[in-house]
Every structure is written in C-alpha cells, then in structure tokens.
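Have a look at the structure below before the remarks.
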Amino acid sequence: PQTSGGWLLANIGSVEGVAVSLRVETSGAVFEHAIVGDFGQMTPGPSYLSDGVTVDFTIVRADAPSVAVTAQAFPLSIYDLDNDESLRVVTAAYTWSRSADTKVLRSGDSFSGDGTDDLEPSSATSLTPAESSRSVTLTFTGTSTCQVVYKPQHDRSLFSFTMEASVPAIGTRKH
C-alpha cells in the first residue's frame, strides 16, 4: 500500500517547556511508514532505489503541528544503516557521532552501511553493541528542520530513526 508523503510522531518531548512532536515529510508517497516501539520507521519502496527519498524532519508544537519550534540542539539518530544503504545529510550546521566499533562508513556528508546485514534493533535505549555499530546520531543546531536523503538497498529496506535517544559514541565530529 502506498501511504502519504508525511506523518506525525506525537509528543516526543519538550523544547524550552513547549510540548513538541516530530513532523516527517518525504519527497513522495512511500510504501509504508509506522511507529514501532521507540522508532519511526519507513519502507520507501522501489521508486526510490536509484535516487533515494528526501526526508524532512521538523520539530513542531504538539498542540499546533503547523507551527515549527526551533531547538538549540536537534538530535536525530539513524539505526540499522547496513547493507548498501546510504544517508546523505542536506542540512548544514550539524555534528555527528558513531560508536567506537562503528560499521557505518562516512564520506563528507554521506553515511553508509558496510555491506553487512542484520536485524532491526528492538529498543533505542538498550542497543546491543552490534546494533550500535550500525547507527549514527546527527545533531543539528539552531533549527527546527533538517533534511536527509535516504537511499535504500532494495525495495523492502527499512529506514529507522528516533529523536528520543542518542547512540553512545566515543568521539563527536563537527561538520
């Protein structure tokens, strides 16, 4: 089933005392999207295999989802970046962090899997070392919106993300 190009993850926390949600919008309809445990998840589908799907994440007021809220820091963790999947960060002014034993490769503003395959994590707050090694946290500053392009390996690739937990990291690099 094709689903609309956007959805809302309600009540993810607060910014300076204001309850906020996360609005997720894609460059077109995706095959499937859902909230599964701690994660927002999306299966883009076959139409995005060559160029990827552009994803905009916007922090909005929980009581008024059309009103963006600028956060001092906007952490976005991407999970299970494996196989030949890739993620290109479009928004400037961000830092990134990965675990010490990372399998996520980085080249400029792009992050990719190392060709290995494994299961999706079940909890953002209790990642196994293997799950952590396939994750990256991007922290955007002084903005309400960030944009990335996710390129799946195959038509059933799953893009998992959260703003509720960060991947433990030894070092943080500034873009």
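The values are calculated or read from the model by the stated rules, or taken from the named source; none is laboratory data. Here the structure is a predicted model, which means the values were calculated and not measured. Please note: Cβ atoms are built from the backbone with ideal geometry, for glycine as well, and neighbour counts cover all protein chains shown. For accessibility, only protein heavy atoms count, side chains too; no ligands or nucleic acids. Shrake-Rupley method; radii C 1.70, N 1.55, O 1.52, S 1.80 Å.
Computed over region 89-160, relative contact order equals 44 percent, with contacts defined as Cα pairs under 8 Å that lie 6+ residues apart. Using heavy atoms of the protein chains and a probe of 1.4 Å, the accessible area assigned to ILE12 is about 40 Å².
Taking 0.36 nm per residue of separation and subtracting the current Cα-Cα distance, fully stretching the chain between GLN153 and LEU105 would add 15.8 nm.
Annotation: amide H-H contacts under 5 Å for LEU76 (H modelled 1.01 Å from N, sequence separation of 5 or more, or interchain): LEU138, THR139, PHE140. Only helices enter this figure: runs of n ≥ 4 DSSP H residues, each worth -39500 (n - 2.57), summed and divided by the residues of the chain, yield -500 deg cm²/dmol at 222 nm to the nearest 500.
Spin-label model, VAL67 to ALA19: label points 7 Å out along the Cα-to-beta-carbon direction sit 1.3 nm apart. Protein heavy-atom surface of the chain, 1.4 angstrom probe: 50% of the accessible area is carbon and sulfur, with nucleic acids and ligands not counted.
In order along region 72-89, phi translates into HN-Hα couplings of 4, 9, 10, x, 10, 9, 10, 10, 6, 7, 9, 6, 10, 6, 9, 9, 10, 8 Hz, rounded to whole numbers, per the Karplus curve 6.51 cos²θ - 1.76 cosθ + 1.60 with θ = phi - 60° and x for Gly and Pro. Averaged over its residues, region 4-160 has an accessible area of 42 Å² per residue, based on protein heavy atoms and a 1.4 Å probe. Charge dipole (Cα centre; +1 on Lys/Arg Cβ, -1 on Asp/Glu Cβ; no other charges) of the chain amounts to roughly 520 debye.
Each residue of region 18-31 is assigned a 3J(HN,Hα), and the resulting list reads 9, 5, 10, 10, 10, 8, 10, 10, 10, 5, x, 5, 10, 5 Hz, derived from the Karplus form 6.51 cos²θ - 1.76 cosθ + 1.60 (θ = phi - 60°), x at Gly and Pro. Stretching SER27 away from SER123 to a fully extended chain increases their span by 31.8 nm, per 0.36 nm per residue minus the current alpha-carbon distance. Among HIS33, HIS154, the order of accessible area from largest down is HIS154, HIS33, computed with a 1.4 Å probe on protein heavy atoms.
When all protein chains stay in place and ligands, DNA and RNA are ignored, the 1.4 Å accessible-area order of ASP117, ASP38, ASP82, largest first, is ASP117, ASP38, ASP82. When +1 charges are put on Lys and Arg Cβ atoms and -1 charges on Asp and Glu Cβ atoms, the dipole computed for region 1-71 relative to its Cα centre reaches about 80 debye. Taking a ≥ b ≥ c as the square roots of the eigenvalues of the alpha-carbon gyration tensor, region 28-174 is classed rounded because a/c is under 1.5. Looking at the chain, the DSSP beta bridges with both ends there are about 100 percent antiparallel. Ignoring the sites themselves, the chain has its longest run without GluC sites (Glu not before Pro) in a DSSP loop having at most 16 other Cβ atoms within 10 Å at 17-163.
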